[in-house]
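A short worksheet on the structure shown next.
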Amino acid sequence: MEFRHRSVLLEEVIASLRIRPDGVYVDGTLGGGGHSYHIAEKLSAAGRLIGLDQDDAAIAAAGERLAPFADKVTLIRSNFRDMAKVLQEEGVGTVDGILLDLGVSSYQIDTLERGFSYRCDTKLDMRMDRRQALTAGTIVNTWSVEDLSRIIREYGEDRFARNIARHIVRAREEKEIRTTGQLNEIIRAAIPAKARAGLGHPSKKTFQAIRIACNGELEALEEVLEKAADLLRPGGRLCVITFHSLEDRIVKTALRRYENPCVCPPEFPVCVCGRKSLGKVITKKPILPGGQELSENKRAKSAKLRVFEKRESI
């Protein structure tokens with residue numbers, strides 16, 4: 001299947017990055033190269049773009065799309081949690097901009113064998129990096145009731161988490177759960193009929209939870225945000241697009257911490273911890289897709305863009 005993914009909040013991202021022709025930029029979630037293409041076309045011969053993605057299909061597709069800019073683009077198969085290490089290996093100290101688009105690509109959702117979608121019957125997989133051993137099937141068939149309940153409750157925010165977990169364990173005792181279709185039926189049976197009415201697809205929250213757990217998505221996000229501000233040059237910007245409240249909460253907290261890292265008790269008259277602000281949050285409220293984009297791309301509905309700018313002098 002052709003790798004396709006419509007870049008969300010494209011114009012807003014490009015404007016927020018304030019791209020300098022001779023700057024160095026990192027797209028930590030390369031995907032099909034949509035955002036990266038528009039970054040690269042604004043760079044001069046002195047500029048550089050480094051694109052990261054853990055999905056081999058994304059790297060291949062982006063390589064074709066970004067071929068006209070091959071002299072200033074470097075593509076690396078890596079999780080963005082390793083961004084600092086990758087930049088060091090590339091001889092790059094700090095950069096002018098970082099982009100993280102945390103959405104699952106249309107290609108990953110629509111390619112049946114990847115097992116991300118609850119709208120078709122296929123093998124349980126959900127790996128963004130197909131080199132890793134852990135799959136959604138492993139989680140569903142081997143994790144305990146307690147662990148399944150925890151991820152469905154925390155990552156899926158589903159109030160029927162415990163019951164869904166119990167149904168999964170009970171079903172797998174009879175036979176291995178191999179497909180998304182099997183899992184759909186189990187989840188449906190675990191949620192009362194009255195509760196299912198008007199709530200959309202009953203599997204949506206559980207599939208999200210299993211995908212997040214399978215790929216360590218929130219841990220990876222927290223890791224990259226621990227170091228992202230330090231990777232920016234003075235005046236550099238970090239742009240992050242989130243698609244659900246768990247991600248957005250982590251990003252919002254990290255950006256606020258960059259802006260105000262003081263840990264002194266509020267009753268202290270002056271700061272004594274010595275922690276200095278790294279910059280400012282540009283988006284006091286997140287940037288949301290406009291009406292036209294929403295009409296053209298329904299998957300943009302929950303997108304939120306937050307932007308941070310590094311201080312000119314620290």
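Considering only Cα atoms, the convex hull volume of the range 159-226 works out to 108 Å³ per residue.
For the range 220-306, the spread of Cα positions along the three principal axes, ordered from largest to smallest, is 51, 29, 24 Å. Label zone (Asp129, point 7 Å along Cα-to-C-beta; backbone nitrogen cut-off 12 Å) within the range 202-219: 215-217.
How large, in percent, is the carbon and sulfur part of the accessible surface of the chain at a probe radius of 1.4 Å?
Carbon-and-sulfur percentage of accessible area, whole number: 49.
What the range 212-314 shows is 54 Å² of accessible area per residue, with the surface traced by a 1.4 Å probe over protein heavy atoms.
Judged by the mean number of other Cβ atoms found within 10 Å, the most tightly packed of the peptides 104-110, 286-292 leads the ranking 104-110, 286-292. How far, in degrees from 0 to 90, does helix 161-174 lean away from the longest principal axis of the Cα atoms of the chain, to the nearest 10? Tilt relative to the chain: about 60 degrees. For the range 95-241, the alpha carbon convex hull comes to 127 Å³ per residue, rounded to a whole number. With respect to the chain, whose longest principal axis is taken over its alpha-carbon atoms, helix 180-190 is tilted by about 70°.
Note on the chain: with a GNM built from Cα contacts shorter than 10 Å, the maximum mean-square fluctuation among Lys276, Lys175, Lys284 falls on Lys175. Entry for the chain at q = 0.09, 0.14 Å⁻¹: log10 I(q)/I(0) = -0.50, -1.09, Debye formula applied to identical alpha-carbon scatterers, no solvent contribution.
Per residue, how much accessible area does the range 1-59 have with a 1.4 Å probe, in Å²?
Working: 2280 Å² over 59 residues.
Ligands and nucleic acids excluded, the result is 39 Å² per residue.
In Å, what Kirkwood hydrodynamic radius results for the range 20-158 from the alpha-carbon pair distances? In the range 20-158 this quantity evaluates to 16.6 Å.
Could you give log10 I(q)/I(0) at q = 0.22 Å⁻¹ for the range 1-58, computed by the Debye formula over C-alpha point scatterers of equal weight, without solvent? With no solvent term, the Cα-only Debye profile gives -0.86. Structure note, pairs Lys227/Lys310; Lys284/Lys304; Lys227/Lys252; Lys42/Lys227: Cα-Cα distances above 18 angstrom occur for Lys42/Lys227.
Note the angle between two axes, namely the Cα long axis of helix 245-259 and the longest principal axis of the Cα atoms of the chain, as a number of degrees from 0 to 90, rounded to the nearest 10. Here the helix axis deviates by roughly 20 degrees.
Of Asp121, Asp82, Asp248, which has the most accessible area with a 1.4 Å probe, and how do the rest follow in descending order?
Details: Asp121 110, Asp82 65, Asp248 15 Å².
Largest accessible area first, the residues go Asp121, Asp82, Asp248.
Each of Cys273, Cys239 has its accessible area taken with a 1.4 Å probe; listed largest first, they run Cys273, Cys239.
The values are calculated or read from the model by the stated rules, or taken from the named source; none is laboratory data. Just so you know, these numbers come straight off a predicted model, no measurement behind them. No Cβ is skipped: glycine too gets one built from the backbone with ideal geometry, and neighbour counts run over all protein chains shown. Side chains are part of the model used for accessible areas, which takes the heavy atoms of the whole protein and leaves out ligands, DNA and RNA. Shrake-Rupley method; radii C 1.70, N 1.55, O 1.52, S 1.80 Å.
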